[in-house]
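J.: Dropping the structure in here first, questions after.
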Amino acid sequence: MAELPHRHIALGTAESPLPALAARCRQTTLATGGRAVATLTRLAGRHPAGWRWLARRHHPLLDRLAAANAQAVCERAARQVPAYRSFLRTRPARARRRLADFPETDKHGYVTAYDAAARCWQGRMPTRGVVVDESAGSSGRPFNWPRGDRELRAVHRDIAGYTGLVFPMRRPFVINAYSMGAWATGTTTGAAMSRIAVVKNTGPDLGKIVDTLHEFGPDYDYLVTAYPPFLKHLRDRLDAGGFEWGKYRVFASCGGEGMTEALRDYLEQRFALVRSAYGASDLTIGIGAETRFTVWLRRRLQTDRGLRAELLGADEQRLPMVFQYNPFSTYLETNDRRELVCTVTADVLQPRLRYNIGDEAVLVPYQRIVELAHADPVRRAEFRTAVSVERMTLPVLLLFGRRDSTVSYLGANLYPQDVEYGLYTGNPHAAEINRFCLTLVEDASLETRPVIHIELRRPLPESQRDALVAACRSGVRRHLTSVSRDFAQSLLEDPTAGDLRVELHESGSGPFTGEQKIKNVYLVR
């Protein structure tokens, strides 16, 4: 840090360092203001009512303060986190006067390069009050994420505040159907919801949920938290059992993977309301969440070409998930590849500093949506209705999903390299495979399943085609079970999770139509 005065003087003229000093003073003022607002946000957010009050009063000026607060966190970490101090030394020396001047970190270049203690403040892991969450990385390697008591309390406050705002429950009873095993979501959700509701942690057990609804009866308002596909299983199970939906008020909150509007429509034929949230074990749970406004915006993007072009670009055909987020808890940026870069500014044991999780996204200020909505009379009327209840003015995250070679299924990341192992290991018909690709498909029954497309080297008779499909399906399922703890846990809790689809295609047909490139494309979006 002794070099900093010299660096800043060098940025001014040879005669006077005043321009650089003035810029530094402005940044210091912003950082001080940012820290002050962040502190007030934490204090007010200790109660769900305070959280709601803040979410409804976010102003564009606060985005600048949030950026300065995120930069202040990076500057502090450069002094007090040994791993980050070492990480910065390996990067080109430069004056870091803006948040963007700090290099991005990621799982492979930062997390795997330094041990857990070195990535903590002062290089120390507390001996108590720490909960370690686990997520699975490429080829099933586990990654551990220690979270301190203050960090967990902040997450609990955010989840509780959002839930109390979005779900209008009078006597709330939360049925937590997230996995209680490999993922952090289940245990964290249960602890957070206990601040505002009666909670039963059933895990994804349909029988237990049905019994709970019957046991406690229709006097409660129920909120089921689960992965999106499980909510469909629950609806279908209750329908088959003649459940009297009309006597109950049942809401649903989901996460872990994307959800189509078709599935939402199907679920809301029974559930009073269905909303998704966005989070990651690498970062924090509850980075962003859906509101009535974001659902309206996403559905409007499906049909409004003008709005779509303004927000996503004229050539973008994909429909992103849409969330609102608090930049004083998690400050978000995007780089020139539209990858999401996150700085967790809340109280965290291991600071996440301009962390690139690999998700592709677009960030839009709330005021920009307001301007676009008011440009068209129909949009304006719909917008006013959409924001009339929750009235949150937080910025907007348009999320496309992972840019890397994965698809997310039932909370587990499926990697093409793991699919390849399953296709070729011990497969007597492996010689018939030319190439493959992976996609997620929602079928007519609104079930989302992984589909493995295989291009054949030559035409095969029906018997050999059936044998190849069977060998590929069992091989991939077996390998994923062995290398991915999350996939294995999903199979234990829901055997239908192993329903992997395999489709065979003649050479140059289906998703393999067109000229074959030197590098295979393993994912079909």
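J.: Within region 458-478, can one find any residue that is at pLDDT below 90, in contact with a strand residue (DSSP E or B) (Cβ under 8 Å, 6 or more places away or on another chain) and either part of a helix (DSSP H, G or I) or surrounded by fewer than 19 Cβ atoms within 10 Å (Cβ to Cβ) (or both)?
T.: No, there is no match, as no residue in region 458-478 is at pLDDT below 90, in contact with a strand residue (DSSP E or B) (Cβ under 8 Å, 6 or more places away or on another chain) and either part of a helix (DSSP H, G or I) or surrounded by fewer than 19 Cβ atoms within 10 Å (Cβ to Cβ) (or both).
J.: Kindly evaluate Gly186 against the criterion of being touching a helix residue (DSSP H, G or I) at 6+ places or on another chain (Cβ under 9 Å), free of Cβ contacts under 8 Å to residues at least 24 places away in the same chain and open to solvent by less than 40 Å² (accessible area, probe 1.4 Å).
T.: Working: touching a helix residue (DSSP H, G or I) at 6+ places or on another chain (Cβ under 9 Å): no; free of Cβ contacts under 8 Å to residues at least 24 places away in the same chain: yes; open to solvent by less than 40 Å² (accessible area, probe 1.4 Å): yes.
It is false that Gly186 is touching a helix residue (DSSP H, G or I) at 6+ places or on another chain (Cβ under 9 Å), free of Cβ contacts under 8 Å to residues at least 24 places away in the same chain and open to solvent by less than 40 Å² (accessible area, probe 1.4 Å).
J.: If you go through region 190-201 one residue at a time, do you hit one that is under 25 Å from Leu263 (Cα atoms), of a type in the set (S, T, N, Q) and surrounded by 24 or more Cβ atoms within 10 Å (Cβ to Cβ)?
T.: No, because not a single residue in region 190-201 is under 25 Å from Leu263 (Cα atoms), of a type in the set (S, T, N, Q) and surrounded by 24 or more Cβ atoms within 10 Å (Cβ to Cβ).
J.: Spot the failing condition for Ile369; the list is (1) open to solvent by less than 10 Å² (accessible area, probe 1.4 Å); (2) within 18 Å of the chain's Cα centre (by Cα), and only one is missed.
T.: That leaves (2) as the condition not met.
J.: Identify the single condition in (1) assigned to a helix (DSSP H, G or I); (2) in contact with a strand residue (DSSP E or B) (Cβ under 9 Å, 6 or more places away or on another chain); (3) open to solvent by 10 Å² or more (accessible area, probe 1.4 Å) that Glu257 does not satisfy, given that it satisfies every other one.
T.: (1)
J.: Right, something else. If I ask for residues that are outside any strand (DSSP E or B), touching a residue at least 40 places away in the same chain (Cβ under 8 Å) and in contact with a Phe, Trp or Tyr (Cβ under 6 Å, 6 or more places away or on another chain), which ones from region 354-373 would you list?
T.: Hit for region 354-373 is Arg354, nothing else.
J.: Counting only residues that are at pLDDT below 95, of a type outside the set (A, V, I, L, M) and open to solvent by less than 20 Å² (accessible area, probe 1.4 Å), how many does region 380-394 have?
T.: Number satisfying all stated conditions: 1.
J.: Please go through region 421-457 and give me each residue that is hydrophobic (A, V, I, L, M, F, W, C) and open to solvent by less than 40 Å² (accessible area, probe 1.4 Å), ordered by number. Can you show your working first?
T.: Restricting attention to region 421-457, the residues satisfying the condition of being hydrophobic (A, V, I, L, M, F, W, C) are 423, 430-431, 433, 436-438, 440-441, 444, 446, 451-452, 454, 456.
Hits for region 421-457 are Leu423, Ala430, Ile433, Phe436, Cys437, Leu438, Leu446, Val451, Ile452, Ile454, Leu456.
J.: Right, something else. Residues to consider are Gly498, Gly426; find the one that is among the small types (Gly, Ala, Ser) and within 30 Å of Ala280 (Cβ to Cβ). Let's see the steps before the verdict.
T.: Values: Gly426 fails: within 30 Å of Ala280 (Cβ to Cβ).
None of the other options fit; the residue is Gly498.
J.: Kindly indicate the residue of region 68-127 that is of a type in the set (A, V, I, L, M) and part of a loop (DSSP other than H, G, I, E, B) and also surrounded by the most Cβ atoms within 10 Å (Cβ to Cβ) among those meeting that condition. If you could, list the steps in order and put the result at the bottom.
T.: Within region 68-127, the subset of a type in the set (A, V, I, L, M) is 68, 70, 72-73, 77-78, 81, 83, 88, 93, 95, 99-100, 111, 113, 116-118, 125.
Filter once more, keeping what is part of a loop (DSSP other than H, G, I, E, B): 81, 93, 95, 113, 116-118, 125.
Values: Val81: 23, Ala93: 9, Ala95: 15, Ala113: 15, Ala116: 15, Ala117: 14, Ala118: 18, Met125: 18.
Applying the filter and picking the extreme gives Val81.
J.: Further question: Looking at Thr334, Thr385, which one is touching a Leu at 6+ places or on another chain (Cβ under 7 Å) and either at positive phi or among the polar types (S, T, N, Q) (or both)?
T.: On the way: Thr385 fails: touching a Leu at 6+ places or on another chain (Cβ under 7 Å).
Every option except Thr334 fails the conditions.
J.: Could you tell me how many of the residues in region 320-368 are within 20 Å of Arg147 (Cβ to Cβ), out of contact with any strand residue (DSSP E or B) (no Cβ under 7 Å at 6 or more places or on another chain) and not β-branched (Val, Ile, Thr)?
T.: 5
J.: Looking only at region 222-241, count how many residues are in contact with a helix residue (DSSP H, G or I) (Cβ under 8 Å, 6 or more places away or on another chain) and without any contact (Cβ under 8 Å) to a residue 40 or more places away in the chain.
T.: 4
J.: Which residues, counting only those in region 480-491, are in contact (Cβ under 8 Å) with a residue 60 or more places away in the chain and either open to solvent by 40 Å² or more (accessible area, probe 1.4 Å) or over 14 Å from Asp418 (Cβ atoms) (or both)?
T.: Ser482, Arg485, Gln489, Ser490
Residue-wise test of (1) touching a Lys or Arg at 6+ places or on another chain (Cβ under 8 Å); (2) not small (Gly, Ala, Ser).
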position	(1), (2)
Leu273	no, yes
Ser281	no, no
Val295	yes, yes
Arg305	no, yes
Phe323	no, yes
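J.: Could you please tell me which pairs satisfy a Cβ distance under 8 Å, a separation of 6+ or placement on different chains, a first residue in region 258-280 that is within 17 Å of Gly164 (Cα to Cα), and a second residue that is of a type in the set (Ser, Thr, Tyr) and in a loop (DSSP other than H, G, I, E, B)?
T.: Arg275/Thr291
J.: Do you know which residues across region 395-420 are of a type in the set (Phe, Trp, Tyr) and surrounded by 21 or more Cβ atoms within 10 Å (Cβ to Cβ)?
T.: Of region 395-420, the ones of a type in the set (Phe, Trp, Tyr) are 400, 409, 415.
Residues satisfying the conditions are Tyr409, Tyr415.
The values are calculated or read from the model by the stated rules, or taken from the named source; none is laboratory data. Not measured: the values here are computed from a predicted model. Positions of Cβ are backbone-derived with ideal geometry, glycine not excepted, and every protein chain shown enters the neighbour counts. Surface accessibility is based on the protein's heavy atoms, side chains included, excluding ligands, DNA and RNA. Shrake-Rupley method; radii C 1.70, N 1.55, O 1.52, S 1.80 Å.
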